[in-house]
There are 2 protein chains.
Amino acid sequence: MNAPAPMLRLTTQRQVILEELSKVKTHPTASEIYDMVRKRLPRIGLGTVYRNLELMAENGMILKLEVGGTQKRFDATTDNHYHIRCARCGKVDDLEIPVFNTLTEEASTASSYQILGHHIEFTGICPECQKIQEDEYEE
Amino acid sequence: MNAPAPMLRLTTQRQVILEELSKVKTHPTASEIYDMVRKRLPRIGLGTVYRNLELMAENGMILKLEVGGTQKRFDATTDNHYHIRCARCGKVDDLEIPVFNTLTEEASTASSYQILGHHIEFTGICPECQKIQEDEYEE
DNA sequence: TATTAATAAGGAATCATTATCAGTATAATA
DNA sequence: TATTATACTGATAATGATTCCTTATTAATA
């Protein structure tokens, strides 16, 4: 059915993308990663960044976050954890609360889907944007 | 700061969009809603559908789902509930498990964000796609 | 080292969504 | 009811994110 997956070469581009993504605690979008990587590889193409993020996500090397907002975000930490997204600026951070492994079982009994996993996304206002909002009130 | 919100007129287009969205239990995308509405209003524009879905979401009449996948989805049921998305066909269904209101408080203590809410999205394979996968194995 | 398969870069193409604008419909009120 | 102000529509253009395509490179290995 599926063609055999080609072996992944560890090219310079791929390595740098992975390194830069691992450096940050945020969850950058493809074009943010492109900007980060371009400082070290000025001739890299945006398409290369997209292709490799996709390939590495398929191989479980990184996580592609299917969160709200218009752009997909990527994460070098692959173990399950939850996220919080700023409703104002769109930034995504990790949330340090334990993962509810029981949720998947609970969902299995409530649904005819074959459950694969779950993700919790909180919405809020980040500290920076809280400040900006306060300033706006003062004007 | 913000201009006063204009009053919302209940135009035919708006009414039909709301009616069609209320008819279905799924969570259609804007273009799916466009197709549904066009059977009754053949001359409606796609932009009108987008504009009105956005306005009605701002007014709390419907829910704009910030779920994974490339397209936004809309929901006529505005009370908080969780969703499950098919990893294969992208369909989104409701999940009948109770909402964890305590989660928001828990997140508040774990984060410096001002928490507004949360959403849980399960991933799985819908019954239809399970069938298709079984058929593929037999070949 | 020669072969070949995966990969890169660059640009075109696509898809979803938003913005613009000119004309129309509706509500407010004179 | 006529006038005026404003919301709204439909068509189309513009934008933004992502994917696709083509040709040239590059890494693995025979």
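Odds and ends about this structure:
- Counting, for every residue in B:121-134, the Cβ atoms of other protein chains within 10 Å of its Cβ and taking the mean gives 4.
- Rounded percent of accessible protein surface that carbon and sulfur make up, chain A, 1.4 Å probe: 50
- When restricted to Cα atoms, the stretch B:1-41 yields an Rg and a Dmax of 13.1, 41 Å, respectively.
- Averaged over A:85-91, number of beta-carbon atoms from partner chains that fall within 10 Å: 2
- Alpha-carbon radius of gyration plus Dmax, which is the widest Cα pair, for the stretch B:1-77 in Å: 12.4, 41
- Each principal axis of the protein assembly as shown carries a Cα extent, and these read 65, 58, 41 Å when sorted largest first.
- Average accessible surface for chain B: 59 Å² per residue, computed with a 1.4 Å probe over protein heavy atoms with every protein chain in place.
- Here's the list of lysines a cross-link from residue B:64 could span, going by alpha-carbon distance under 29 Å and ignoring same-chain residues fewer than 8 apart: A:25, A:64, A:72, A:91, A:131, B:23, B:25, B:39, B:72, B:91.
- Cα gyration tensor, the stretch A:79-139 - rounded (a/c under 1.5), prolate or oblate: prolate
- Number of partner chain Cβ atoms within 10 Å, mean per residue of B:6-17: 0
- Restricting the stretch A:1-76 to trypsin sites (Lys or Arg not before Pro) that sit in a DSSP loop and have at most 16 other Cβ atoms within 10 Å of their own Cβ leaves A:9, A:25, A:39, A:40, A:43.
- With a cut-off of 15 Å between beta carbons, the residues surrounding residue B:31 carry a summed charge of +3, where Lys and Arg count +1 and Asp and Glu -1.
- With N the number of residues in the stretch A:8-139, Rg(Cα) / (2.2 N^0.38 Å) evaluates to 1.24.
- For the pair A and B, total buried accessible area rounded to nearest 100 Å², probe 1.4 Å: 3200
- Net charge of neighbours whose Cβ lies under 10 Å from the Cβ of residue A:8, counting Lys and Arg as +1 and Asp and Glu as -1: +1
- Residue of B:77, B:123, B:102 that the Gaussian network model of chain B assigns the largest fluctuation, springs spanning Cα pairs under 10 Å: B:102
The values are calculated or read from the model by the stated rules, or taken from the named source; none is laboratory data. The structure displayed is predicted, hence computed values, not measured ones. As a convention, Cβ positions derive from the backbone with ideal geometry for all residues, glycine included, and neighbour counts pool all protein chains shown. Quick note on the areas: whole protein, heavy atoms, side chains included, nothing else; ligands and nucleic acids left out. Shrake-Rupley method; radii C 1.70, N 1.55, O 1.52, S 1.80 Å.
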